[in-house]
1. Report whether or not Arg326 is within 16 Å of Ala444 (Cβ to Cβ), at pLDDT below 95 and part of a helix (DSSP H, G or I).
2. Can you tell me which residues in region 400-415 are in contact with a helix residue (DSSP H, G or I) (Cβ under 7 Å, 6 or more places away or on another chain) and modelled with pLDDT of 95 or more?
3. For region 410-420, state whether one or more residues are assigned to a helix (DSSP H, G or I) and free of Cβ contacts under 8 Å to residues at least 60 places away in the same chain.
4. So, in region 163-182, of the ones that are touching a residue at least 24 places away in the same chain (Cβ under 8 Å) and surrounded by fewer than 24 Cβ atoms within 10 Å (Cβ to Cβ), which residue ends up nearest to the chain's Cα centre (by Cα)?
5. Would you check which residues across region 293-317 are among the charged types (D, E, K, R) and either in contact (Cβ under 8 Å) with a residue 24 or more places away in the chain or surrounded by 24 or more Cβ atoms within 10 Å (Cβ to Cβ) (or both) and list them?
6. Considering only helices (runs of 4 or more DSSP H) fully contained in region 151-257, which possess at least 1 residues that are out of contact with any Pro (no Cβ under 7 Å at 6 or more places or on another chain), small (Gly, Ala, Ser) and under 24 Å from Ser371 (Cα atoms)?
7. Scan region 189-212 and tell me whether some residue there is crowded, with 21+ Cβ neighbours inside 10 Å, touching a Gly at 6+ places or on another chain (Cβ under 8 Å), over 19 Å from Met124 (Cα atoms) and assigned by TED's automatic domain parsing to the domain that holds Phe118.
8. Might you let me know whether region 132-150 holds any residue that is in the same structural domain as Ser216 (by TED's automatic domain parsing), over 23 Å from Cys413 (Cβ atoms), in contact with an Asp or Glu (Cβ under 9 Å, 6 or more places away or on another chain) and of a type in the set (Ser, Thr, Tyr)?
Amino acid sequence: MKFSSLAKTITTALVGGAVGGLLVYTSLPDAPVTGSSTEVKTSIKGDKITLVKRKHPRTHSTRIKIPAAKPIPEFVNDAIAWLVEAQHSSGGWGAGSHANQSNIDPSKVKLDPATTAFAGMALMRAGHTPTEGIYSDSVRKTTEFLVEIVEGSSAEGPRITDVTGTQPQAKLGQLVDTTMTTQFLSRVVKAIPAKDPLHDRASAALDKCLAKLTSSQQQNGSWGKGGWAPVLQSSLGTTALELAQVAGKNVDMDDLRRARAYQKGNFDAKTGKVDASSGAGVALYSFAGAQRASAGEARAAQQLVDQAKKEGKLAPSATVNEENLRKIGVNGDKARDLADAQEASKAQIARLDDETLLRGFGNNGGEEFLSYLMTSESLVITGGDSWTKWNQKIIGRLGKIQNPNGSWNGHHCISSPVFCTAAVIQCCTTDRDAATLMQIAQNASKLRQADTTQAVGTR
């Protein structure tokens, strides 16, 4: 297919999906690896993907497919309506304080950036942006609320808010506001037209959050302690770096590598054991974080091997392992990272029927819902039948415990119905965000000169 024709096909498919609620099964453009003279990149703004051809020495390509998104279940639409109703006139939401977890009335809690950003991302995943969707006004108010907070925050230090003692801070970590807001701004900035004054403000706010996030990362790749289950905050930080990269921001690859390595280190693929020491002793939290960190590289490894088999550089029966990745020119460190991610992903998928693992703390809190969300994102990225099986399972599981008013609330730790409902909405609509999630895998498949020992796929 010619470049112009492919661009038209992808743009039409994605625009049509935003309007009609379905994405056509198609493919993203080729992701550069090594070996050709042209690099094909995507520019994603809202529901449109623009393809850009640039000269690039020795690049090769893999192909990423976008699966068709399913219609939003009716019980999730009820949840979205409840979430919008719970929004304050200022554009914010709050989870409430750790000291008063029994207060689950969203109208009677202090607003906080983390919960606001999380709720905003739920609306965006369901198809609402500052310019599109029936709840576009809500998303625009959310954006303005968060941008103003970031603009008013100190240039020094990792925090963006003076609000303290919130449920997300106490349970996830003190930097969760910065982390969540980075994620939201990375998503929303692509959906705001460049001529809209809010676009530049959101972009500048994202730059500020990203600087705070990267400067506060620990040497081991985590974002430190300060919460009941800080492994979840670190996982959110890793995702924030990935999303900022998708938004076109300059993310240091060493920062991202260390962030992923920390998360992946909590799961032993050979034994299936989980290190829950930074997850309050709850295996689910560390497991979900490790799975999410492995997903992009696991998909990239599979794509590289599949492409090499297609081009006759590997035998049709070749599997994804370090040896085969080296054969096609990926160097030792990168080959090892990709192969380990693939091995971990397979082992993690094999444990998704383990009810002991999935029960988490024993009953549902915001941490459990967040963990389910991370697993959903992981499986959309890695692709295959595992996503379909998991999606059916989790929709059935969560639909049964919905409150009559359309919300969910936690029964331990993060009890906030806003936080929990936002997590469930995103969990049940993850496939509608496939273009962004697949871009994470595409970025993971890009190999720098330092990642190669020879030309891969020269043509």
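1. Working: within 16 Å of Ala444 (Cβ to Cβ): no; at pLDDT below 95: yes; part of a helix (DSSP H, G or I): yes.
Criteria not met by Arg326.
2. The answer is Gln402, Asn405, Gly406, Ser407, Trp408.
3. Yes, region 410-420 has at least one match.
4. Per the stated criteria, the residue is Gln174.
5. Of everything in region 293-317, those that are among the charged types (D, E, K, R) and either in contact (Cβ under 8 Å) with a residue 24 or more places away in the chain or surrounded by 24 or more Cβ atoms within 10 Å (Cβ to Cβ) (or both) turn out to be Glu297, Arg299, Asp306, Glu311, Lys313.
6. 167-172, 176-188, 230-246
7. The answer is yes; a qualifying residue exists.
8. No; the residues of region 132-150 include none that is in the same structural domain as Ser216 (by TED's automatic domain parsing), over 23 Å from Cys413 (Cβ atoms), in contact with an Asp or Glu (Cβ under 9 Å, 6 or more places away or on another chain) and of a type in the set (Ser, Thr, Tyr).
The values are calculated or read from the model by the stated rules, or taken from the named source; none is laboratory data. This structure is a prediction, so every number in the text was calculated from the model and none was measured. Neighbour counts are summed over all protein chains in view; Cβ atoms, including those assigned to glycine, are modelled from backbone coordinates with ideal geometry.
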